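Peer 1: I am attaching a structure below and will ask some questions about it afterwards.
Just so it is clear, none of the values below were taken in a lab; they were calculated from the coordinates. Please read these numbers as outputs of a predicted model, since none were measured by experiment. So basically every Cβ, Gly included, is an ideal-geometry build from the backbone, and we count neighbours across all protein chains shown.
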Amino acid sequence: MVIDDLIHLRDYAGLHPAFEVVADFIERHQLSSLPDGRLELEGTGGYANVQTLAGKTEAEAVLETHRKMIDIQVPLSMDEAIGYAPIGSLPSAEYDEARDIAFHDGRPDEFLKVRMGTFAIFFPQDAHAPGVFKGEGRKIVFKLPVLDEINQNIIHQP
């Protein structure tokens with residue numbers, strides 16, 4: 001898991017080559033004016049999902065993980081708290097392969113503040129419980145495919 005300012009996203013390109021594409025996308029678009037919906041990230045196998053969401057409380061937030069995709073979450077209109085726990089500390093969860101998601105019982109170890117102007121990267125080993133804020137908010141989530149040669153040591157639960 002990584003949290004940093006958007007201006008530093010390109011610094012993480014060594015972790016995944018598509019991070020450069022995401023950084024370029026962010027520089028070329030006025031993110032707050034993008035309509036809700038899915039936008040393909042050409043040449044990456046990934047996409048961006050712009051969302052308007054109702055905020056949750058910490059108690060309502062549910063830990064989730066993905067096996068095939070890496071999330072880069074960027075709040076657009078609010079500061080967001082996102083719960084975090086390493087997948088190895090959680091009980092097994094049923095994985096929905098078609099949706100690439102598992103919802104985990106258990107609570108986050110902590111809630112991390114992801115402010116406007118920052119991003120959070122969640123890899124498959126990072127259980128995250130997004131959406132903790134008050135009222136309605138907008139965010140963009142970039143979904144990038146896991147590359148086996150880069151993410152060889154990711155823990156997958158059965």
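Peer 1: Once the Cα atoms of the chain are picked out, what are the Rg and Dmax in Å?
Peer 2: 14.8, 41
Peer 1: Here is a further query. Counting only residues 5 or more places away or on other chains, whose amide H sits under 5 Å from the amide H of ASP109 once H atoms are built in the peptide plane?
Peer 2: When sequence neighbours closer than 5 places are left aside, the close amide H contacts are TYR84, ALA85.
Peer 1: Still on this model: Report the longest stretch of the chain that contains none of the GluC sites (Glu not before Pro) sitting in a DSSP loop with at most 12 other Cβ atoms within 10 Å.
Peer 2: 98-148
Peer 1: Kindly put HIS29, HIS16 in sequence by how many other C-beta atoms sit within 10 Å of each C-beta, fewest to most.
Peer 2: Ascending Cβ contact count within 10 Å gives the list HIS29, HIS16.
Peer 1: For Cα pairs less than 8 Å apart in space and 6+ apart in sequence, what is the mean separation divided by the residue count of the chain, i.e. the relative contact order in percent?
Peer 2: 35
Peer 1: At 7 Å along the Cα-to-beta-carbon direction for both VAL2 and LEU112, put a label point, then send me their distance in nm to one decimal.
Peer 2: Going from the VAL2 label point to the LEU112 one covers 1.1 nm.
Peer 1: Now for a separate question. Per-residue HN-Hα couplings for segment 121-131, Karplus 6.51 cos²θ - 1.76 cosθ + 1.60 at θ = phi - 60°, whole Hz, x for Gly and Pro?
Peer 2: Each residue of segment 121-131 in turn: 9, 10, 8, x, 7, 9, 6, 9, 10, x, x Hz.
Peer 1: I want to check a number: in the chain, how many lysine pairs have alpha carbons closer than 17 Å, given a sequence separation of 8 or more or different chains?
Peer 2: Final tally of qualifying lysine pairs is 6.
Peer 1: Using the 10 angstrom Cβ neighbour count as an exposure proxy, how do LEU39, LEU76 rank, fewest first?
Peer 2: LEU39, LEU76
Peer 1: If you plug each phi of segment 108-115 into the Karplus form 6.51 cos²θ - 1.76 cosθ + 1.60 with θ = phi - 60°, what whole-Hz ³J(HN,Hα) values come out, in order, with x for Gly and Pro?
Peer 2: The phi angles translate into x, 5, 7, 10, 9, 7, 10, 8 Hz.
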